[in-house]
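Visitor: Take a look at the following structure, please.
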Amino acid sequence: MTPDNELITARWPLPTAVYNARNPEMPCSSSSLRWAGYLLLLFSQFAIATDWRPSEARLAEKIAAITGPGVIALDVTTHSSISPSEAEQIRRGLATSLSDSGVRISQADQAAATVQVTLSESLQNYVWVAEIRQGTNDVSVAIIAMPRPDSAISPQITPPLTLHATLLVSQPQPILDAAILEGNPRRMLVLGQAAVTVFEFKNGHWLPGQSLVINHDRPLPRDVRGRIMLGKDHLFDAYLPGLICRSTNASPLALNCLHSDDPWPLQTEEFGESGFFAPERNFFTGALVPGIGPQKSAPPFYTAAAFPRGQYKLWVFAGVDNQLHLLDGMNHQIAANIRWGSDLAAVHAACRQDWQVLATSTGSGTDDFVQAFEFLDREPAAVSPPLQLGGDITALWTAGNGDRATATVRDSETGTYEVEQITLTCGQ
């Protein structure tokens with residue numbers, strides 16, 4: 001069945017891409033906002049209310065045409081910016097409209113049919129999908145779509161955030177990733193192309209200690225990428241293209257490396273999503289494990305970031321096609337007008353309810369910068385001023401439990417490689 005407004009299904013080829021291609025025109029936000037503006041926005045929110053009744057009536061008409069008069073069980077869930085409380089109001093409105101067509105709502109054990117309504121959205125439309133099950137018959141589907149009003153994009157009524165970068169270590173050799181081990185003493189694992197170096201924090205400085213050699217008999221790609229993750233029954237795992245290295249847990253540490261095509265973790269352990277990395281390239285193939293609900297793949301991508309949205313997680317992918325892709329377990333959308341760099345990471349500022357996405361780009365000069373965004377109704381809004389890091393950002397990963405990110409930067413003046421810890425705070 002075709003919805004009232006036609007939806008576009010995206011297809012993606014596997015292009016040849018250059019890692020970290022960026023658009024120099026990434027928008028910036030001001031570093032502060034006046035409270036008068038906040039109050040104006042706040043009062044305007046109370047004047048905005050969406051009338052769902054016409055949409056409820058349209059969907060109820062389509063459902064009733066399939067079920068006919070009788071008793072059904074009705075459930076409504078939201079995979080969109082529509083809140084759970086508003087979804088409940090829509091459920092009640094649907095029930096009222098269905099009763100006008102002779103369809104009564106009851107419990108599932110007393111119903112002749114079950115109707116599962118999912119409230120989702122694209123970048124332009126709200127899309128409501130009703131899956132109707134009647135006995136042993138095939139599932140029937142009713143769909144309606146309606147344009148989203150401009151008022152659906154509501155600005156944050158909160159102060160802006162500020163990004164901070166803390167230099168941890170600097171060295172001449174390339175750095176792929178780093179992870180901090182809290183304890184006494186504090187340790188940091190720095191992943192390079194040829195070794196994992198263990199640093200200890202002493203007298204206010206990170207000092208290099210043991211170096212664990214990465215043994216492999218195949219050449220690595222020119223633009224090498226890597227990921228280091230802390231383990232549970234051992235200290236850490238290091239991921240490189242076509243290679244996984246696992247540490248021991250006893251001192252002195254040892255590192256065992258094996259050729260492997262196992263997927264790399266994309267974010268923190270809490271999010272549980274991994275992606276397969278192309279062993280001879282510098283990007284992920286798009287195959288996901290276990291997948292975002294039924295969505296088992298994304299377009300090929302450089303990096304990904306995810307954040308909770310009520311009952312689901314929204315994943316944002318920086319595709320090798322220079323497009324930003326949004327997947328939520330049901331929809332695949334393309335943010336066609338957003339031109340970020342190839343590095344994304346998700347963080348969660350302690351003073352905000354929602355998660356933030358850190359995105360990279362190139363400023364007016366040659367140095368890269370990072371900026372924080374929140375997704376309001378599937379469209380990003382800057383919530384921090386940009387932060388310039390003094391060179392090329394070569395990697396950006398979510399770190400810890402999501403309270404910070406780790407950036408590796410090649411200094412534009414000295415050519416050395418640095419590990420920067422990125423955090424977000426409220427206000428200045």
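Quick note: the coordinates plus some simple rules give every number you see, no bench work behind them. Small disclaimer: the values here were computed from a predicted structure and weren't measured. Virtual Cβ from ideal backbone geometry, glycine too; neighbours counted across all protein chains shown.
Visitor: When only Cα pairs under 8 Å and 6 or more residues apart are kept, what is the percent relative contact order across region 156-426?
Guide: This gives 18 percent for region 156-426.
Visitor: Loop only per DSSP, at most 11 neighbouring Cβ atoms within 10 Å: give me the GluC sites (Glu not before Pro) in region 324-422, ordered by residue number.
Guide: Numbers: sites: Glu374, Glu413, Glu418, Glu420; in loops: Glu413.
Those that pass, being in a loop and sparsely packed, are Glu413.
Visitor: Find the centroid of the Cα atoms in region 308-336 and in region 339-399, then give the distance between the two in whole Å.
Guide: If we compute the Cα centre of each part, the gap is 16 Å.
Visitor: Return the aspartates and glutamates within reach of Lys232: Cα separation strictly under 13 angstrom, same-chain partners fewer than 8 residues apart disregarded; answer none if there are no such residues.
Guide: In chain and number order, the partners are Glu269.
Visitor: So which trypsin sites (Lys or Arg not before Pro) in region 199-272 are both in a DSSP loop and have at most 10 other Cβ atoms within 10 Å of their Cβ?
Guide: Working: sites: Lys202, Arg222, Arg225, Arg227, Lys232, Arg246; in loops: Arg222, Arg225, Lys232.
For trypsin sites (Lys or Arg not before Pro) across region 199-272 that sit outside H, G, I, E and B with at most 10 neighbouring Cβ atoms in 10 Å, the list reads Arg222, Lys232.
Visitor: Given Cα pairs under 8 Å that are at least 6 residues apart, what percent is the relative contact order of region 49-152? Mind dumping the intermediate values first?
Guide: On the way: 187 pairs, mean separation 30.3, N = 104.
Contact order relative to length: 29 percent.
Visitor: Please give every one of the aspartates and glutamates within straight-line cross-link reach of Lys62, meaning a C-alpha to C-alpha distance under 14 Å, and leave out same-chain neighbours fewer than 8 residues apart.
Guide: Those aspartates and glutamates meeting the cut-off are Asp4, Asp100, Glu131.
Visitor: Counting only other residues whose beta carbon sits under 12 Å from that of Tyr417, what net charge do I get with K and R as +1, D and E as -1? Kindly include the intermediate steps, with their values, before the conclusion.
Guide: Values: positive: Arg410; negative: Asp177, Asp392, Asp411, Glu418, Glu420.
Around Tyr417, the charge tally is -4.
Visitor: Counting just the Cα atoms, what span does region 49-152 cover along each of its three principal axes? Round to the nearest Å and put the largest first.
Guide: Cα extents, longest axis first: 41, 24, 21 Å.
Visitor: Rg to Rh for region 156-426: what is it, with Cα atoms only and Rh by Kirkwood? Show your work: numbers first, answer last.
Guide: On the way: Rg = 18.0 Å, Rh = 19.0 Å.
Rounded to two decimals, Rg over Rh is 0.94.
Visitor: Checking the a/c ratio against 1.5 first, then a/b against b/c, what shape does the Cα gyration tensor give for region 264-373? It would help to have the intermediate numbers written out before the result.
Guide: On the way: a/c = 1.61, a/b = 1.13, b/c = 1.43.
It is oblate, given that a/c is not under 1.5 and a/b is not larger than b/c.
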